[in-house]
Amino acid sequence: MATAIGLACGMGYVFLALGFTLVLTCLLLILEHVNFANASQSRRYLTVKISADQDYDLLFEGIFEALCQSVELAAISFEEGDALLKLDYIVDPQARGQRSCLYQSISGLQYASQG
C-alpha cells in the first residue's frame, strides 16, 4: 500500500494517492468497527476424563445443549491402558455467569460416576 502511494506521489499523481489513501483508511476503519474476522473470546478448552465403558455422547449432551452456544469434540484418547477415556472439547458458553455452571455440572457428573 505504501509503495503504491509513494509511486503515485513520485509520478505527480498526488490527488490520486490522496484519494487511494482515504479510501483504504475508510475501509480499514469500517472493518474494525464491524469486528470483521474477530475470534470468539469466550471459547474455552475443556478436558474430561471418564471411564472407557461409559457412553460419553449421552452423558454430556443435555448439559452442553442447555449451557453452550457451540460444542466441538476436538480429540479423543485413551489413558492408563484403555481404562480412561480423555475427551477434549472446545466449548462456547452462552453467558458469562453460566461458565461456572457448566464446569460444576461436568465435575458433578465426573464425581458421581467415580463414586
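Tabulated data
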quantity: Selected residue (only one of Q41, Q54 is of a type in the set (S, T, N, Q) and out of contact with any Leu (no Cβ under 8 Å at 6 or more places or on another chain)); calculated: Q41
quantity: Residue tally, condition charged (D, E, K, R), in contact (Cβ under 8 Å) with a residue 24 or more places away in the chain and closer than 12 Å to R44 by Cβ, over the stretch 69-90; calculated: 1
quantity: Pairs, first among the hydroxyl-bearing types (S, T, Y) in the stretch 16-31, second in a helix (DSSP H, G or I), C-beta under 7 Å, six or more apart; calculated: T21/I5
quantity: Residue ID - farthest from L7 (Cα to Cα), chosen from residues in the stretch 20-50 that are at pLDDT 85 or above and among the hydroxyl-bearing types (S, T, Y); calculated: T47
quantity: Within the stretch 29-57, tally of residues that are surrounded by 10 or more Cβ atoms within 10 Å (Cβ to Cβ), out of contact with any strand residue (DSSP E or B) (no Cβ under 9 Å at 6 or more places or on another chain) and among the aliphatic types (A, V, I, L, M); calculated: 3
quantity: Conditions (1) part of a loop (DSSP other than H, G, I, E, B); (2) modelled with pLDDT of 70 or more; (3) surrounded by 10 or more Cβ atoms within 10 Å (Cβ to Cβ); number of the one not met by F78; calculated: (1)
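The values are calculated or read from the model by the stated rules, or taken from the named source; none is laboratory data. In this text, all values refer to a predicted model and were calculated from it rather than measured experimentally. Heads up, the Cβs are rebuilt from the backbone with ideal geometry, glycines too, and the neighbour counts pull from every protein chain shown.
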